[in-house]
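Comments concern the structure below.
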Amino acid sequence: MDEVRLIEVKEEILADNVKVAAEVRERLRKTKTMLLNLMSSPGSGKTSLILQTIAKLKDNLRLGVIEADIESKVDAEKVAAQGISAVQLRTGGFCHLDATMVTQGIEALPVKDLDIIIIENVGNLVCPAEFDTGAHKNVMILSVPEGDDKPLKYPLMFSICDVLLVNKIDYLSLSNFDMSALRKRVLALNPGITIIEVSCVTGSGIEDWTNWLKREVDIFKQSK
Amino acid sequence: MHELPVTESILKIVIKHAEKNNVRQVVAINLQIGKLSDLEDEWIQRYFDYLSKGTLAEGARLKIERMPIMMQCSNCSTSYETEASNLGELVCPACGGKNIALVSGREYYIKDMEVQ
Ligand SMILES: Nc1nc2c(ncn2[C@@H]2O[C@H](COP(=O)(O)OP(=O)(O)OP(=O)(O)O)[C@@H](O)[C@H]2O)c(=O)[nH]1
Ligand SMILES: [Mg+2]
Ligand SMILES: [Zn+2]
């Protein structure tokens, strides 16, 4: 038997994805297209929020959508029905999108003519938090029925997002969801995060969200 | 939950280094993975055993060192270790401040490998 020797490797396992993500960000900077990664558990309201956002902003901003629904095409069809450029990625059974998959989505969109592209990531609070998609902003949705303890169970997701949308606030009166406990937990993980309470059914808070988005797109377009 | 793509990356990097160093056989791979990463050691090994069949790394053991979650207070700069389950309810043990940032605990790193 040969003797066992040690070889230094010293490499980041996810370095390839980090590199592709940086390329995506740079490429979209050139066309002044802001990329926004929307994440949540299954059913928290990602598609509903995208539809609300389109309804409010489609006269002011040119939007595109990248959909990562696991099997069906339902989500992309709903979006396309609003006259918005949408592309459906085939993610198979994947638990998250990586920057290479997002690149394929971008290539299928008329990027030069878009102010913002929203990615509907795979419904999952774990894996999407670990894979940089190349987005300029990360946004997550937590819906009231999921409970106020989620920051304790999925700390990474809460710590990487720029905005937390607390959706389905129309359910608040029916539940023991403690909004101030939630805010405290989230801010402890991520002091810089913006928290906005919304309901995609009543429309409550949606304007606060779209105002945030418009402002961020303006800032993005002015930055070099 | 995403052990598969992570394992694919590990294998790719390991094979690259094995070929560069004229290795006959990779015996073990030493990884550093942050405690915040939700990877199951057992599953990474199983995927690895499957993916590495017929390669220089077939049969290699993955030795995983779990890296601690380190936080730093933005107020007084004190660093300290914590567990994932405490992250939502942190106060700085030195000054009681609540502005605390994550310093490490998200690593996905290949340190070195044992080869023949
Ligand atoms: N009551 C209430 N229901 C909502 C709200 N937002 C979304 N829903 C409902 O929640 C369900 C799931 O919403 P979707 O928008 O499809 O959620 P999603 O996150 O896109 O789901 P997946 O893509 O399957 O992960 C639908 O039945 C929506 O009508 C809300 O604010 N209040
Ligand atoms: Mg959806
Ligand atoms: Zn302190």
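Checking B:Asp49, B:Asp41 one by one, the residue that is open to solvent by 60 Å² or more (accessible area, probe 1.4 Å) and either within 25 Å of A:Cys95 (Cα to Cα) or more than 11 Å from every other protein chain (Cβ to nearest Cβ) (or both) is B:Asp41 and no other. Taking region A:114-202 as the region of interest, the strands (runs of 3 or more DSSP E) fully inside it that hold 1 or more residues being away from ligand 1 (no atom under 16 Å from the Cβ) and on the phi < 0 side of the Ramachandran plot are A:116-120, A:137-143, A:194-197. Going through (1) open to solvent by 70 Å² or more (accessible area, probe 1.4 Å); (2) more than 11 Å from chain A (Cβ to nearest Cβ); (3) not polar (S, T, N, Q) one by one, B:Arg106 falls short only on (2). Go through region B:1-38 and give me each residue that's at the interface with another protein chain (Cβ under 8 Å from one of its Cβ atoms), out of contact with any strand residue (DSSP E or B) (no Cβ under 8 Å at 6 or more places or on another chain) and over 17 Å from B:Asp112 (Cβ atoms). Once the filter is applied, which keeps residues that are at the interface with another protein chain (Cβ under 8 Å from one of its Cβ atoms), out of contact with any strand residue (DSSP E or B) (no Cβ under 8 Å at 6 or more places or on another chain) and over 17 Å from B:Asp112 (Cβ atoms), region B:1-38 yields B:Met1, B:His2, B:Pro5, B:Asp38.
Identify, from the list A:Leu164, A:Leu189, A:Leu213, the residue that is in contact with a Gly (Cβ under 9 Å, 6 or more places away or on another chain), touching a residue at least 24 places away in the same chain (Cβ under 8 Å) and among the aliphatic types (A, V, I, L, M).
It is A:Leu189.
Just one residue in the set B:Val27, B:Val23, B:Val91 is without any contact (Cβ under 8 Å) to a residue 24 or more places away in the chain, aliphatic (A, V, I, L, M) and farther than 25 Å from A:Asp98 by Cα; that residue is B:Val91. What about A:Val9, is it surrounded by 15 or more Cβ atoms within 10 Å (Cβ to Cβ), assigned to a strand (DSSP E or B) and modelled with pLDDT of 95 or more? So A:Val9 passes the test.
Residues that are crowded, with 24+ Cβ neighbours inside 10 Å and away from ligand 2 (no atom under 16 Å from the Cβ) were ranked within region A:134-153; the one that is nearest to the other protein chains (Cβ to nearest Cβ) is A:Pro151.
Quick grid of which residues meet (1) within 16 Å of ligand 3 (Cβ to nearest atom); (2) surrounded by fewer than 23 Cβ atoms within 10 Å (Cβ to Cβ); (3) over 19 Å from A:Phe220 (Cβ atoms):
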position: A:Ala68; (1), (2), (3): no, no, yes
position: A:Lys78; (1), (2), (3): no, yes, yes
position: A:Ala86; (1), (2), (3): no, no, yes
position: A:Pro110; (1), (2), (3): no, yes, no
position: A:Asn121; (1), (2), (3): no, no, yes
position: A:Val126; (1), (2), (3): no, yes, yes
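Quick grid of which residues meet (1) modelled with pLDDT of 85 or more; (2) within 16 Å of B:Gly34 (Cα to Cα); (3) in a strand (DSSP E or B):
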site: B:Tyr80; (1), (2), (3): yes, yes, yes
site: B:Ser85; (1), (2), (3): no, yes, no
site: B:Gly88; (1), (2), (3): no, no, no
site: B:Val91; (1), (2), (3): no, no, no
site: B:Tyr109; (1), (2), (3): yes, yes, yes
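Being in contact with a Lys or Arg (Cβ under 9 Å, 6 or more places away or on another chain) and either open to solvent by less than 40 Å² (accessible area, probe 1.4 Å) or modelled with pLDDT of 95 or more (or both): is that true of A:Leu63 here? Criteria not met by A:Leu63. The residues of region A:84-116 that are β-branched (Val, Ile, Thr) and away from ligand 2 (no atom under 16 Å from the Cβ), listed by number, are A:Thr100, A:Val102, A:Thr103, A:Ile106, A:Val111, A:Ile116.
The values are calculated or read from the model by the stated rules, or taken from the named source; none is laboratory data. Source: prediction; values computed, not measured. A quick note on method: Cβ atoms are made from the backbone with ideal geometry, for glycine too, and the neighbour counts reach across all protein chains shown. SASA here: full protein model, heavy atoms, side chains in, ligands and nucleic acids out. Shrake-Rupley method; radii C 1.70, N 1.55, O 1.52, S 1.80 Å.
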